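Each value in this text was obtained by applying a stated rule to the coordinates, not by laboratory testing. Since we're looking at a predicted model, the values are computed, not measured. No Cβ is skipped: glycine too gets one built from the backbone with ideal geometry, and neighbour counts run over all protein chains shown.
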């Protein structure tokens, strides 16, 4: 049977279709990846059972084990190639490493005689994958960490000061407007309100200046007289005086000081930031060679909110997708084909029964059926089967219809063919005919349906998981899970998670779509749609 | 007990201080019996009461509009001297002594998604909004938490409301594995507590806008520990101590400890939070088995004492620690609010004592004792309190949002010139 | 002719009855009242709800009653969750769904038929290949990604600084469901429609285009192979005339079939779009009811969907029969 297939005309036609062959190769790669991951799972399991080895420790072989899906590969929410985004992103990046170092040295300081770990072991346990803390004696390390933290502190302060300076300028504008309104007050205007507003306006400047000076630790950054002058005017306004000394000059003075300060602080940030980043690189250096390479490769697509490698998660999801697609495709095609062939072949009540059954199932919009079934499995009565098994059941029950219909139609046509009728007339048993004639001639349709359903299952998983009806979100990774988690990130302009998931899924689905088309062109040229 | 047609007396069997707070909660508003009997389950859609507004239309999850009640009894805006300096800066003092409400109509819009709410606010359509976590950095600086100058320039002001939250992960004290009051059992729970890094949760999921603290008493209440840290604290991460405690509990390096089932509800980013918990506990070889269930199942399991560990939160009904300490009072065990089924006779006795006490130094001291008792026994991992950031458009006046009592809506006014 | 119609109807009746049977059985596998109220419900509320929906009667009685109420279009049973008649929920939900699916279908069909025509005409050439490539690429991206990214760009970025928000990513104006609104202030109605339904329609068109263009192209390609096209060309008819007059006419059957197949979809709506754009249409109502375990709504709506699908199938068969006499005789 297999040989007959490969010798058929259709297969030859398919082979000549270069695009289809490329797609097949791509699919093959994905399958290979999935199989490799699954075999690593087996190897690891064996290792654990026999206590011989722990695959989770190895960087490459154990990279895709399920239990490693939780670990952090770097700081949270960095973009591709491990680069943080934006000023705040860069600061958070630095903060991440310093916090790690701080926790490490704190824990290491607590190591006494009673503990079962050495200082080195403790420090190592806080490494960020391959980036280990610098090999220094503990007191030196603590000093370094403190130095780093103080740089970060200065950076944060500098940014606060920029903000404060800008705020002062905003308050100056507001106060000017208020004072102008007061000066232009007519008869109908409520003078006391305008005075109070102007007073508040001026007071806000004072508050803003105080704020600045507090953070800067200099209580004369803007000069004492300036503040006094402002206070005087504010007091007068609060007391109900409209006639107040002209403040334009004072405002200008404050504004220029604020501008100068803002500039200085901003420059400070500009210089300190690279310094801090370099500090991180010395404190927790990226190693050379293979180790460094594997660290950087993991960060190729960036990290999610918890610092997990998006590349690894996306690839792991491919394994899940292949699993789902394969099992669903296989079961749905097997069940559907069997039922369809039986219906066509045995006819009569079997046929009516099967037709009735699939008419019922196909009366429901696919997504509704999927949703209802998944729901029943996920939170309804069949809760214990949650997770992948329930997903398989829900899909199989929904997707069997397609193959069933197609195979039934084709089988009915074959049944009418002369040589089949001849075979029956000669006396060959029904099962013999079924296996020798009907199944081989519908095999190509089964393949086509398999590839169509494969894609359908992958896309369906994504949608169901997103709706909360598929895989539980807190367990492992799948493209559906990644896209769900990416939703809130997209809002903030972070596209790496959705990008990584979509890219890998896209390639696989595209390959399958091209293959399905090619299969249909080769084996079922009369198809439409 | 009725005094006359408009007055009635309530006589308590014993003085209970919180009763005053209870009276202020919306659940004890005055409603006409005939209306409740008539509408039955649909009373919420046809409310009749004594408030400042009359319900016009309520479309669940969409909008609620109400018009001013012409028959509202006289309620005056708080007097000048009741407003603090900061309140004055927000111009809250202006309408002092005037009769509320000031507006003819009030419109609430409920948003299912954050994005439209945020956009509506920016457009000036709505007067007040909470700042959703995803948009926090558009109005505030992510690290310094300061309002951005450009926002200030638009006349938008902000308000920060620390919530009376008690977010925790509870243990069922009657569970075979995790419950119990012996030193070994306590050590196990303390070990788990020490391995959890609440600061990481705060940074990742709440933008760093939460306060992590010891004990069940939220910030700003009597009994809240100074600086958030109590004299005895098991706040993590302290992996060294965690491992030590694990060994004390009889599970050196996690050996022999079965997987711990942790139940939490499915919504929001709980799934991701649970992943973080799993990872943090894995550092000390504790295997956490998350069970994400829908909310009603979670309630059911905790009520039936079937959940060894569960994720919950408690929001104080009124600003008094007694409300939170009641969670540990043994008569309140499941299916009551004491989901931990914590039973400590000494604690119970103290609780009964403070029920009748007024706020005082003496009472605060007892609060602290009770708090420390609970921390030592570790019936939960905690605690976190969220800080809510609000933004208010220039045209909305007299807005001072709080999340306990919602009567502040009656003070609102609008300045149409600024719309 | 009519005998064919009758035959089709009769054939489908047992199917439909079977569907109702299956649905009702499936939903009663786990006690619906317990599922809705939870395990701690009081006996009174349990019994009250049970009786209100007639669940205390024997199954056969319930079955007959349900079939009766569906056939007579009596949807007056009340929802457990929302306490309104199911019929009312349906009548408010259908317009919402239709406002998205109908324009979507119309626009998609117009666009994809034309593109299909063009592609088949320039078959094998660059334009054809490029368009088909785009279609396949488009099909390979998850619907969700379109929604998420679409919401971000069109609902947010486009608005952004200008303060003008052409598209809303959530919500719906109930006035759009009423005829009065459209009749009274048509301009405002169209604007509101664009605001709330514009983006979902846009996304549904983009997503459907991949599949539909390929289908229509295949249909057209098959048509171009026919002899009458060769004859027309030989006679000297211009390409445009061939395309639009001859081919289109003959390709109508598959086109209509496809539209017919999409009819149930018009009522059922796109669950995803409705959920993520918070449009209170049929799909969203169903999902909400499923999650809330609102039994009456789920039961009635499932029956309704199935009925729509069956009716469409019958209609399609009948249309086939009208166009292709061979079918009638089988």
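Extending 7 Å from the Cα toward the beta-carbon at both residue C:190 and residue C:311 defines two label points whose distance is 3.1 nm. What FRET efficiency would be calculated for the residue pair residue B:159, residue A:147, taking the C-beta separation as r and a Förster radius of 41 Å, to the nearest 0.05? Efficiency, rounded to the nearest 0.05: 0.60. Shielding by partners for peptide A:484-492, expressed as the average number of C-beta atoms from other protein chains within 10 Å of each residue's C-beta, is 6.
Other protein chain C-beta atoms within 10 Å of residue C-beta, averaged over B:143-151: 6.
Relative contact order for segment C:65-164: 9 percent, from Cα pairs under 8 Å spaced at least 6 residues apart, divided by residue count.
Multiplying the residue separation of residue A:125 and residue A:270 by 0.36 nm and removing their Cα-Cα distance gives an extension gain of 48.9 nm.
Note on segment C:1-34 and segment B:122-149: Cα centroid distance 54 Å, given to the nearest whole angstrom. Compute the Cα gyration tensor for chain C, then decide on rounded, prolate or oblate, letting a ≥ b ≥ c be the square roots of its eigenvalues: rounded whenever a/c is under 1.5, prolate when a/b is larger than b/c in the other cases, and oblate in all that remain. In terms of gyration-tensor shape, oblate.
Segment A:278-334 and segment B:250-288 have Cα centres spaced 22 Å apart. Highest mean packing comes first when the peptides B:80-86, B:117-123 are listed by Cβ atoms within 10 Å, giving B:117-123, B:80-86.
Each residue in B:395, B:314, A:45 was given a count of other beta-carbon atoms within 10 angstrom of its own, and listing them fewest first yields A:45, B:395, B:314. Averaging the sequence gap over all C-alpha pairs within less than 8 Å and six or more residues apart, then dividing by the number of residues, gives segment A:291-359 a relative contact order of 14 percent.
Taking label points 7 Å from Cα along the Cα-to-Cβ direction, residue A:136 and residue A:18 give a separation of 5.9 nm. Can you list the residues of segment B:295-324 with backbone N under 17 Å from a point 7 Å past the Cα of residue C:45, pointing along Cα to Cβ? What the label zone holds, given the 17 Å backbone N cut-off, is B:295-304. Each peptide in B:138-150, A:21-33, C:42-54 was scored by the mean count of other Cβ atoms within 10 Å over its residues; highest first, the order is B:138-150, A:21-33, C:42-54. Distance between the modelled labels on residue A:330 and residue B:20, one decimal in nanometres: 7.2 nm (7 Å Cα→Cβ projection).
Only helices enter the 222 nm calculation for the protein assembly as shown: every DSSP H run of n ≥ 4 contributes -39,500 (n - 2.57), and dividing by all residues gives -19000 deg cm²/dmol, rounded to 500. Counts of other chain beta carbons within 10 angstrom of each beta carbon in peptide A:353-359 average 3.
Measuring r between the beta carbons of residue B:407 and residue B:59 and using R0 = 30 Å, the FRET efficiency lands at 0.85.
Residues considered: B:332, B:393, B:46. Largest GNM mean-square fluctuation over chain B, using C-alpha springs under 10 Å, is found at B:46.
For the protein assembly as shown, the square roots of the Cα gyration tensor eigenvalues, ordered a ≥ b ≥ c, give a/c of at least 1.5 with a/b greater than b/c, which places it in the prolate category.
Of the peptides A:128-135, A:194-201, the ranking by mean beta-carbon count within 10 Å, highest at the top, reads A:194-201, A:128-135. How would you classify chain A from its alpha-carbon gyration tensor, with a ≥ b ≥ c the square roots of the eigenvalues: rounded for a/c under 1.5, else prolate if a/b is greater than b/c, otherwise oblate? Prolate, since a/c reaches 1.5 and a/b exceeds b/c. Footprinting exposure proxy ranking of B:2, B:343, B:353, fewest other C-beta atoms within 10 angstrom first, gives B:2, B:353, B:343. Counting other Cβ atoms within 10 Å as a rough exposure proxy, the listed residues A:419, B:389, A:316 run A:419, B:389, A:316 from fewest neighbours to most. Taking 0.36 nm per residue of separation and subtracting the Cα-Cα distance, full extension of the segment from residue B:31 to residue B:107 would add 25.1 nm. Which distance in Å, rounded to a whole number, links the C-alpha centroids of segment C:194-267 and segment C:102-131? Cα centroid to Cα centroid, the span is 7 Å.
Between residue A:188 and residue A:246, the FRET efficiency from the beta-carbon distance, with R0 = 25 Å, is close to 0.45. The gain in end-to-end length when the residue B:232 to residue B:81 segment is fully stretched comes to 50.2 nm, 0.36 nm per residue minus the alpha carbon separation.
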